[in-house]
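Quick note: the coordinates plus some simple rules give every number you see, no bench work behind them. The structure displayed is predicted, hence computed values, not measured ones. Glycine gets a Cβ as well: all are built from the backbone with ideal geometry, and neighbour counts include every protein chain shown.
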Amino acid sequence: MNGKNVARLSAQVMDSPSGAAFHNGLVTSITQYFDCRSQLRVDHFRVWISFLNFVSDLYGNLGFTYQGELVNVVFQIFDYMLKAPSLSHSRSKSWNVLSERF
């Protein structure tokens with residue numbers, strides 16, 4: 001199952017009766033990944049990129065009307081990524097990963 005499907009499924013589960021418990025676990029997990037961002041970016045860059053894609057897809061599947069702690073964490077991640085040093089590092093690291101394939 002790819003990240004887009006997991007994000008779509010996660011958004012659907014949050015609308016279910018057990019959605020509150022799932023929401024709390026998801027917020028905790030995403031926050032822990034974000035707290036480890038420095039290590040992920042350096043040692044596990046592909047995991048970091050997959051995480052960013054998942055967060056983006058998750059927010060896209062939740063829609064713009066969803067509010068809560070999860071949205072705050074997502075915007076904190078987006079804010080971090082749009083700062084110049086992070087964006088430059090991600091861009092150069094992505095280029096290195098792509099060039100290894102060819």
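Given points 7 Å out from each Cα along the Cα-Cβ axis, report the Gln12 to Val42 separation in nanometres with one decimal.
About 4.0 nm, to one decimal.
Could you order the peptides 9-18, 27-36, 50-59 from most to least packed, using the average number of other C-beta atoms within 10 Å per residue?
Working: 9-18: 13.1, 27-36: 14.6, 50-59: 18.6.
Peptide ranking by packing, descending: 50-59, 27-36, 9-18.
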